[in-house]
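Bear in mind that the values in this text are calculations on the coordinates, not laboratory data. This one's a predicted model, so the numbers in the text were calculated from it and none came from an experiment. In this analysis, Cβ positions are derived from the backbone assuming ideal geometry, glycine residues included, and neighbour counts consider all displayed protein chains.
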Amino acid sequence: MAKVQVLNVSVLDNPSPFGNPFQFEITFECMEDLPEDLEWKIIYVGSAESEEYDQVLDSVLVGPVPAGRHMFVFQADAPNTGLIPESDAVGVTVVLITCTYRGQEFIRIGYYVNNEYTDPELRENPPVKPNYTQLQRNILASNPRVTRFHINWEATMEKMEDSENVDPAPNAMLPPTSMPGKAPPFGLMPDNSMDCL
Amino acid sequence: MKLLKPSWVNHNGKPIFSVDIHPDGTKFATGGQGEDSGKVVIWNMAPVLREEDEKNENIPKLLCQMDNHLACVNCVRWSNNGLYLASGGDDKLVMVWKRAAFIGPSTVFGSSSKLANVEQWRCVMILRNHTGDVMDVAWSPHDVWLASCSVDNTIAIWNARKFPEIVMTLKGHTGLVKGLTWDPVGKYIASQADDHSLKVWRTMDWQLETNITKPFSECGGTTHVLRLSWSPDGQYLVSAHAMNNSGPTAQIIERDGWKTNMDFVGHRKAVTVVKFNPKIFKKKQKNGSTPKPSCPYCCCAVGSKDRSLSVWLTSLKRPLVVIHDLFDKSIMDITWTLNGLGLLVCSMDGTVAFLDFSQDELGDPLNEEEKNAIHQNIYGKSLAITMGSQLSSTIIENPEMLKYQQEQQRNQNPNGAQASGPENQTPKLTNVLNGESLEDIRKNLLKKQVETRTADGRRRITPLCICLNVSFSYPGTSHQRCSTLIPQISSDSSTANSLGLRPSHDPTSTSPNKTAEDNKDSGTAAVNSIGMKSNLLLTSASKIEPMKALDSRFTERSKATPGVTSVPLTIGITPLDRVKDSSSVKEPKGKDETSSDSEDKIVVKSMTKRKGEMEGAEVVEKRKKGRPRKDAKIMPISQPFPQVTFLLSTDVSTDGVTYLEVENEVSVVSGSRLSQLKWSREGREWDTLLPSRIIIATGSSDVVAVACEDRTLSVFTACGRRLIPSIMLPAPMSALHCSGHFVMALTASATLSVWDVQKQTALVKNESLNPILSGTDATVSQSFLTRQGVAVVSLSNGKTYCFNSSLETWNLIADKQDSLVQCADFRNCVSSQDALGSMGPLALTQGRNLSAGRLASRLSSMPHHLQQGMTLAFLEKQLASALILLSASEYRHWLLIYARFLVNEGYELRLRELCQDLLGPVHKSSSSSWETTVLGLRKRDLLTEVLPVIGQNLRFQRLFTEYQDQLELLRLK
């Protein structure tokens, strides 16, 4: 069962100029204490035609996540205009928020985004080369598209596989003195070494 | 009889495997198959019961649905107290659900359906143990245990007060276990499996009581479930699928000798489910006819694979009613309403049916009291009595009592209002956090949220915790989470509060990015199909094309987003709370080595002044080396004394910490060595010199006592003035304690003396320890002096004695091996306010050993009268011990527990004796030897405290009134 349920996402600063950062306020609920962080990503779809133009605007770790209800604001810079095909700059595209746990995506929230010129004249006669300073980004906040995936929330099986597949070298190379801080309490050692694997 | 098939109760056509009505009768749960997962749905009962409610659109039908189970749900069961719902499914899990009261109705984020969950039920516990599908779950009487059975051939018994602890796994079935039922008295649990056997297990030792195979040997084929049931009077157990003369039956098994002489015959296919009505009935009295005494009887519903349902009364030879073709497929589960007149049945065909009987048809249900009387007749034990009986039918005989009862209700009502408060105040609660409204927080969340960088430079946001989750709260225990969390200091003041709790293991780990690997799953991924409002964004027709192309992006896990690939080797270290660490390690030493004061005092001290505590602890440690062994077998002490000996002493009566410092051989004056004793408290100091080496020094708020190598004992006032000339001891000192103005000395020749240095009298004069030491190898492990001057000596064999100076005897006050301690069960009688009163010398000697009956969790394992007797004996012993230790607060504490126990268990004679002793003679007479006080407590004040306890049980209302009146009378005098 899914340990994390997204309860709500509010789109902040919307609509806004194209160059403004994206801001999403995400509220989620967690069934039990998560030993690992959640990883959230904002992906901007540059072109409907191809995933090639997808940009990961940012990815953050969110943690620690004890059981309970939590919220945070995920802010990410506007997409790199250089990576967007000129023909797709104006019009409808998509921004995605994904969340992964232990590398497995379990929720994907998508919003339609409409990029339009605010100036009626530009709207009538759009320049061939998009003028990003004049573009306004409007996220269709009222209609999120949510897809949930079943994932394995438990570590046990996956870790077994991982430990077999992972080259032990990175561990061996790490001199013991490079452990951050002082020596961790003995009780924590096994946990951490598991995480390293 | 009325029959209803509420069509709105369905799982969209998918099979419903289980149904259970909530104990309060207002809702019921169904379990079964969902779209792509298991499904548990909670429904409102009112629309089933009343047609007008069914038609009223404002009355919700569906209260909550949960699709957290990964696979089909085979069983849903409410706990007897109605707080929890347990569900078991094909995903091998048992989930325990609790209503999250602080969350109002809400929809699922991103869901198109406007159907809100009216009630929020959250999974508070996932029980993982079974390696196969869970087929049935059952709560024991009083919700002590939860049992689950599985196709892995085992039955798991979970400790329902301490999930996810497993009490026992019952192994023995050689086939899929498909049904469970508890004996209503709690002595047994029965299970039925595909291995053609029905097994009855004892809850006392979880061993097999009996294995019944004969009625099942012919059973061919298989049924999905085998839900058996135990009659409410406990006398009969009725199995599911059994065979008699190659016809399917439900076998009746008698509790007495597990005889299998009778069965329910008539179904054409295998019986899948049997469910007894929770009520016991007696014949309906016809108007006008004289009441004839008739035997009470039970009622039982039987459902079968042949799609028919039969209802039987044990007083009739033929079924009361048989309903054929009620469903299209096999009946899967049956549940009765608590009043015994309604019945819900569910079927594999995905529908449920409701049967409504009248009292004319079934008979008059016995009320709880009559049912208890039957239990008590048969088993000598009533389930209700231990749980606070519901004597609703008892008539209140006088206004005094009525007034008292009403007051009680009034006192309870505010609590009740509070309990329901959070539900009503939902919006308020979630919107206000630390005095800041949620809106304010949201405005500044971006600025205020804690953002850090991991070792590899990735952003890491600490989410703002809005509220901790509903957690499984056990009655009488504190919030569990607190113990596993340590405070984390946050620099941001506004979030500090809400982020205050975080797990102590805090792996700053990163999730490995293996998105590519997971892509193969995307084909099977669930898709939340939501209609897109077409009018909102479509500025021109040409835009439709790309949007279709975009649509797929919502649902597919993308390949092009491998994310930032980095698996850095960061190891999170929660900053160690060093201060806490060091003090907590040393504190126990302080307890052991500090010879004068008791454990609880030290706790107080460590709370008041932590810094002092730490210094003190160090001092104590140094002193350890040189301390003479408190060996009671007792030879001249030959250890060399160190150059410097320190000793710490504290007293609880002052806030500060007191130090005693001893320095031997400070200087040598004309051949004799001088030792120095230094004393300091809150900056005030004094010191004095002694002509011999000091071996032990100790002190209290009033006096300081010092024992020297030359067998002298000197006593000083707290200001350093010598009180008495050196006392010459018969043997070297072994242990020395001070408390108040009492000094206790334990010498190496195993003798004990206690003096009152203020009155200059001896309370105990050179009393030998031989009576308690002879015949054992035990040595003295601990000794102390109570504030009332009672000497207490603990031996290494776990026994603790005190010397009673008036009787001049040694009295055993605690024994770790005492089986009474372990078996006594008085948890019901302990109220939360009592915790403080339990602190004292008695608690100190019994220590953690006294965990309110560790074995008592096996509440029903022992014959009840035996347990009753043991508890009674134990409580009386505690009372006597507290008395002899002159510990007033503990005496009062145990007296109240004792009184509650007597009230709960119905010991009227003892209760009367207790009241009589507390009240004393109403009319003064010179011959009476009655003391008005006990340990400085006025007995009649104690009676005033005890009486409300008695008043709680209407059975004793005459006793209550009798003493209430007399007390009133005395007060007027």
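Among B:Ser774, B:Ser783, what is the fewest-to-most ranking by other Cβ atoms within 10 Å?
Sorted ascending by nearby Cβ count, the order is B:Ser774, B:Ser783.
Given the Cα-Cα distance of B:Ser217 and B:Leu807 and 0.36 nm per residue of separation, how much length would full extension add, in nm?
205.4 nm
Using a/c under 1.5 as the rounded threshold, could you call segment B:19-62 rounded, prolate or oblate? The axes a ≥ b ≥ c are square roots of the C-alpha gyration tensor eigenvalues, and prolate needs a/b larger than b/c, oblate otherwise.
Note, shape of segment B:19-62 comes out oblate.
Show me the GluC sites (Glu not before Pro) within segment B:897-973 that DSSP assigns to loop and that have at most 11 other Cβ atoms within 10 Å of their Cβ.
Listed in order of number, the matching sites are B:Glu931.
Fully extended, how many nm does the chain gain between B:Lys317 and B:Lys403 (0.36 nm per residue separation, minus their Cα-Cα distance)?
So the chain would gain 26.0 nm between B:Lys317 and B:Lys403.
Other chains' Cβ within 10 Å of A:22-30 residues: what's the mean?
Across the residues of A:22-30, the mean count of other-chain Cβ atoms within 10 Å is 3.
With charges set only on the Cβ (+1 for Lys and Arg, -1 for Asp and Glu), what does the dipole of segment B:1-103 come to about its Cα centre, in debye to the nearest 20? Mind showing how you got there, number by number?
On the way: 12 positive and 12 negative charges, 43 e Å.
Magnitude of the dipole: close to 200 debye.
Would you please classify the overall shape of segment B:131-173 from the alpha carbon gyration tensor, given that a ≥ b ≥ c denote the square roots of the eigenvalues, rounded means a/c under 1.5, and beyond that prolate means a/b larger than b/c while oblate covers the rest?
Since a/c reaches 1.5 and a/b is larger than b/c, the shape of segment B:131-173 is classed as prolate.
Please rank A:Trp153, B:Trp8, B:Trp894, B:Trp78, fewest neighbouring Cβ atoms within 10 Å first, as an exposure proxy.
Listed from fewest to most nearby Cβ atoms, that is B:Trp8, A:Trp153, B:Trp78, B:Trp894.
Most exposed first by the Cβ proxy, i.e. fewest other Cβ within 10 Å, how do B:Glu709, A:Glu49, B:Glu52 rank?
In order of increasing Cβ crowding within 10 Å: B:Glu52, A:Glu49, B:Glu709.
Name the shape class, rounded, prolate or oblate, that the alpha-carbon gyration tensor gives for segment A:1-85, where a ≥ b ≥ c are the square roots of its eigenvalues, rounded holds for a/c under 1.5, and otherwise prolate holds if a/b is larger than b/c and oblate otherwise.
It comes out prolate by the Cα gyration axes.
Of the chymotrypsin sites (Phe, Trp or Tyr not before Pro) in segment B:765-823, which ones lie in a loop per DSSP and count no more than 16 other C-beta atoms within 10 Å?
Answer by residue number: there is no such site.
As I understand it, the dipole of segment B:119-235 uses +1 on the Cβ of Lys and Arg and -1 on the Cβ of Asp and Glu, about the Cα centre. Which of B:Thr154, B:Gly234, B:Pro164 lies farthest toward its positive end?
Most positive-ward Cα: B:Pro164.
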